[in-house]
Amino acid sequence: MKKKPPKKGSGKKLGKAEKEKLKQEEEARKAAEEEEARLRAEQEEREQKERQKQEEAERKKLENEEKKNRFAEMTALMGLIEANSRILGNEHERRWKRYKWARYMRCDGSPDPTIPGEINTYVNLRLEKMTRNDIDSVLKDSVLDLTLIDELDFLLEDAPSPGLNPQDIARYKSTKEDLQRLIQVKLDAATIKLLQEATDRCDPETLNLQYIVKNDNVCLCLWGNLSKNPRIKTFEFAEKGFSFEIPKILSLSDCAYRVLFTKYDHYSDKCRSFYQRLKKKDEPVLEAMKEEKVEEKKEEVEGEKKEGEGVEGEEGVEKENTEDLMAMLRAMDGGEPQEKEEEVKEEEKEEEVPDFPEPSTPEPPEWEDFDEDEDVIDLRANNVIGGVFHFNLMHLSPQPKTVNNWIITRLVDPPEIQYMDYVADTAVLIPNKEGHSPTQADKGKESETKRDEKPPIGVTMRLADGVMFTEEPQIARWDYQKNHWRTDGFSDLKFDEENRTFQFKTSHFGTMALLQDAHINMPFQSWEIRPHKMNSAIFTIIAAIVEIEIEIKDAMCCLSRPNDKPELESIRKKWVTPKDLVKMCRQAGINVFPMVDSSKYVSIQNKHPTIEERSYQQMALTASAMAYSWSKWNGEVQDKEKILFQGTECLNDEPVPEEDWALYLMTKRRGMKLKMVEFDDTFNEELAEGTQFKSNLYNLLMSTGSDEAKERIRETNYEFVDCVQQLLTATKILTYA
């Protein structure tokens, strides 16, 4: 019988051995694939590591190269700056020695204010000498007194490093106060003498004392009521432009008005708010307590150890010997690898390149808040300008009387100024016709107000010559008990800028002054400094209200603009040192010189202090060949470690066209010229074409500047560099513009 053929598509079933074999083959294939993938991954990983290693080595090489260049460039630059600083220091020492020798050799009879014996004898003899109490002698002697005060100020401010010791500083300040007191005592004595001679000096028309005398620093004005004429309601010292009201109660009394103007201010520096006030940091009490507890625990543990030294001594020696033995075995077994490891470390050590240290980023100082009442003046926020004036009401001294052939004079011993108490009455509201208390509406009716017996005294004064007021001044009076300026007691203030007059009413007599906002010109709108000639430059600041121009030549500078303000005529084109220029401008009402705590009063972006300082140094070093200007990006880039400004090479004494300016960036580690310009819409730190960054601005300009510019920079006088740097630092243009 024939077998049926197998059905199509059917196969013979695999046996167990065959299945096992196929499974092994599949596993082998997968293992081979996995191994191949693993090897490929390892190869790729090795290649990746090799590439990373090469990239790291290249990066390290570039970093080392940058470090080498930075170290060399910054070391050379700092060497140049330090060399200039040494020369300036030596010059300062020589100037100081010349001053000391000139003072020693002076034979004009003036005392040396630094020698206690001389100055004390001088002050005491002046106080005891009553024969020189006439006003002419007092004004003449006050010139020497003020000169001695200026000399002490110079010694306190300009002493060469390391400066004066604390004992000398305290002694000089005490001597200053003695001289200031002497001047005022003598002016009071001269006032008494004039009042005693009022009848001899009376005006033939009004029959009252009308007297004015002055020198360069002091102006004394006296009015004495000899006629007691109630029709005299005001009086004006026309020469000084000062007029005041005379209430009826005073027009009928034996009184005298004294108006004493002084160009100096011997009061403000006695006020606490005159000096910057750093906020006191809270002491870390908890941390200190924790440290004390830790120390106590340490002492306890050490005590326990000492107690157990006898028992554990042998165990400690045994443990030490075991550790030494293990170390020897490790050295014998793995000495070679350890040596190799040390060699690798040594190689790495050799590859390390010294880098110029980066400046740290200090925390901005916190300033103490002004915590006085609202009537007290903060002298960090306001400046006394135009000096001080004393508006005093005094009893008129008894006048000599002629009886027959005799002249009878009542003597007062000791002669002292007798001030009259006068505090203006406040308005008193009387009940209305119905007998009810006055309402709020009644308070505005003058008809319902009782007339004051002692009304406030109206005053009109011409503003001091040589002072520019850019806003309505603030009037304040000195509080002798608390040593500060106060604004209460004044009303009806009126400022006429065109005629330079100021009116007010005062409820008090006393020592007064006009003040102006110290930061009214801050922040600045723009600035520019450009070369004028070799070792000469023009520095322009467009502040919030005023535009000024300062000319710089070698170690001196002068204010050249504004030239349309007559009140600045006395200081314009006057060549002085930067320190003296700052003082002159502040006293004249032009304050573009921020104080250390001005950031508390002006909205600015504080820049990194070291980067800012280095920028001023390097601008000054290159100022004979480079012009620099303000950039809006300096304020818009919210990073205090990035300082931006415009610059361009400028070898001709001409204004710089807008298209010539380029944008420069200064950071902790780099100075670079950017591709973007001032008028671009977005900020970009891409380098300008054909340039590379350097470690500082000076080296960047020395690598890109023309030969003539480089020659100018090399030949720049160290005195000019110092003068420019002082002005840039004093104005802080990179922060306040």
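Here the condition is being of a type in the set (A, V, I, L, M) and in contact with a helix residue (DSSP H, G or I) (Cβ under 9 Å, 6 or more places away or on another chain); of 252, 226, 195, 209, it holds for 209 alone. The residues of segment 447-506 that are among the β-branched types (Val, Ile, Thr) and within 18 Å of residue 240 (Cβ to Cβ), listed by number, are 457, 459, 460, 467, 475, 501, 506. Note on segment 382-416: among residues that are in contact with a strand residue (DSSP E or B) (Cβ under 7 Å, 6 or more places away or on another chain) and outside any strand (DSSP E or B), the one that is nearest to residue 519 (Cα to Cα) is 396. Can you name every residue in segment 555-576 that is assigned to a loop (DSSP other than H, G, I, E, B), under 23 Å from residue 84 (Cα atoms) and without any contact (Cβ under 8 Å) to a residue 24 or more places away in the chain? Answer for segment 555-576, where residues must be assigned to a loop (DSSP other than H, G, I, E, B), under 23 Å from residue 84 (Cα atoms) and without any contact (Cβ under 8 Å) to a residue 24 or more places away in the chain: just 575. Being closer than 21 Å to residue 176 by Cβ, surrounded by 14 or more Cβ atoms within 10 Å (Cβ to Cβ) and among the polar types (S, T, N, Q) is a condition met by no residue of segment 239-253.
Of all the listed residues (592, 596), the sole one being of a type in the set (A, V, I, L, M, F, W, C), assigned to a loop (DSSP other than H, G, I, E, B) and surrounded by 22 or more Cβ atoms within 10 Å (Cβ to Cβ) is 592. Can we say residue 711 is assigned by TED's automatic domain parsing to the domain that holds residue 625 and surrounded by fewer than 16 Cβ atoms within 10 Å (Cβ to Cβ)? Criteria met by residue 711.
Any idea how many residues of segment 612-635 are part of a helix (DSSP H, G or I) and in contact with a helix residue (DSSP H, G or I) (Cβ under 9 Å, 6 or more places away or on another chain)? The number of residues fulfilling the criteria is 11. When residue 579 is tested against (1) in contact with a strand residue (DSSP E or B) (Cβ under 8 Å, 6 or more places away or on another chain); (2) within 21 Å of residue 84 (Cβ to Cβ), just one condition goes unmet, and that condition is (1). Within segment 599-624, residues that are assigned by TED's automatic domain parsing to the domain that holds residue 672 and aromatic (Phe, Trp, Tyr) reach partners that are assigned to a helix (DSSP H, G or I) and buried (at least 20 other Cβ atoms within 10 Å of the Cβ) with beta carbons closer than 7 Å, at six or more positions or on different chains, in the pairs 616/725; 616/728.
Please determine, by comparing only the residues of segment 260-307 that are of a type in the set (A, V, I, L, M) and at pLDDT 55 or above, which one is surrounded by the most Cβ atoms within 10 Å (Cβ to Cβ). Step by step, filter segment 260-307, then rank; the result is 260. Only one of these is surrounded by 14 or more Cβ atoms within 10 Å (Cβ to Cβ) and of a type in the set (Asp, Glu): 378, 373. Name it. Being surrounded by 14 or more Cβ atoms within 10 Å (Cβ to Cβ) and of a type in the set (Asp, Glu) holds for just one of 378, 373, which is 378. Contact annotation: residue pairs with Cβ atoms under 7 Å, 6 or more positions apart or on different chains, pairing a residue in segment 677-689 that is under 18 Å from residue 630 (Cα atoms) with a partner that is among the hydroxyl-bearing types (Ser, Thr, Tyr), are 678/631. List every residue pair whose Cβ atoms sit under 7 Å apart, with the two residues 6 or more apart in sequence or on different chains, where the first one lies in segment 371-384 and is closer than 11 Å to residue 487 by Cα and the second, anywhere, is surrounded by 13 or more Cβ atoms within 10 Å (Cβ to Cβ) and among the acidic types (Asp, Glu). Once the first residue is closer than 11 Å to residue 487 by Cα and sits in segment 371-384, its partners that are surrounded by 13 or more Cβ atoms within 10 Å (Cβ to Cβ) and among the acidic types (Asp, Glu) give 375/488.
When each of 49, 67, 23, 19 is tested for being at pLDDT below 80 and of a type outside the set (Ser, Thr, Tyr), the lone residue that passes is 19.
Within the option set 135, 87, being within 27 Å of residue 724 (Cβ to Cβ) and either of a type in the set (A, V, I, L, M) or modelled with pLDDT under 90 (or both) holds for one residue only, 87. Restricting attention to segment 241-259 and to residues that are among the charged types (D, E, K, R) and modelled with pLDDT of 95 or more, the residue that is farthest from residue 502 (Cα to Cα) turns out to be 258. Within segment 215-232, residues that are more than 20 Å from residue 389 (Cβ to Cβ) reach partners that are surrounded by 14 or more Cβ atoms within 10 Å (Cβ to Cβ) and β-branched (Val, Ile, Thr) with beta carbons closer than 9 Å, at six or more positions or on different chains, in the pairs 225/232; 225/246; 226/199; 226/206; 227/206; 229/206; 232/206; 232/246. Only residues that are surrounded by fewer than 17 Cβ atoms within 10 Å (Cβ to Cβ), in contact (Cβ under 8 Å) with a residue 40 or more places away in the chain and not in a loop (DSSP other than H, G, I, E, B) were counted across segment 636-648, and they come to 1.
With respect to (1) surrounded by 15 or more Cβ atoms within 10 Å (Cβ to Cβ); (2) in a strand (DSSP E or B), the lone exception for residue 470 is condition (2).
Any residue at all in segment 698-708 that is surrounded by 16 or more Cβ atoms within 10 Å (Cβ to Cβ) and touching a Leu at 6+ places or on another chain (Cβ under 6 Å)? For segment 698-708, residues surrounded by 16 or more Cβ atoms within 10 Å (Cβ to Cβ) and touching a Leu at 6+ places or on another chain (Cβ under 6 Å): present. The residues of segment 58-109 that are of a type in the set (D, E, K, R) and closer than 20 Å to residue 694 by Cβ, listed by number, are 59, 61, 63, 65, 66, 67, 68, 70, 73, 82.
Has segment 701-709 got any residue that is closer than 22 Å to residue 608 by Cβ, touching a strand residue (DSSP E or B) at 6+ places or on another chain (Cβ under 6 Å) and at pLDDT below 95? Scanning segment 701-709, I find no residue that is closer than 22 Å to residue 608 by Cβ, touching a strand residue (DSSP E or B) at 6+ places or on another chain (Cβ under 6 Å) and at pLDDT below 95, so the answer is no.
For every residue, the table says whether it meets (1) among the β-branched types (Val, Ile, Thr); (2) within 21 Å of residue 702 (Cα to Cα).
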| position | (1), (2) |
| --- | --- |
| 640 | no, no |
| 643 | yes, yes |
| 651 | no, yes |
| 663 | no, yes |
| 675 | no, yes |
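Number of residues in segment 490-539 that are surrounded by fewer than 18 Cβ atoms within 10 Å (Cβ to Cβ), free of Cβ contacts under 8 Å to residues at least 60 places away in the same chain and among the aliphatic types (A, V, I, L, M) equals 1.
The values are calculated or read from the model by the stated rules, or taken from the named source; none is laboratory data. None of these values were measured; they are calculated from a predicted model. Here Cβ is always computed from backbone atoms with ideal geometry, including for glycine, and neighbour counts include all displayed protein chains.
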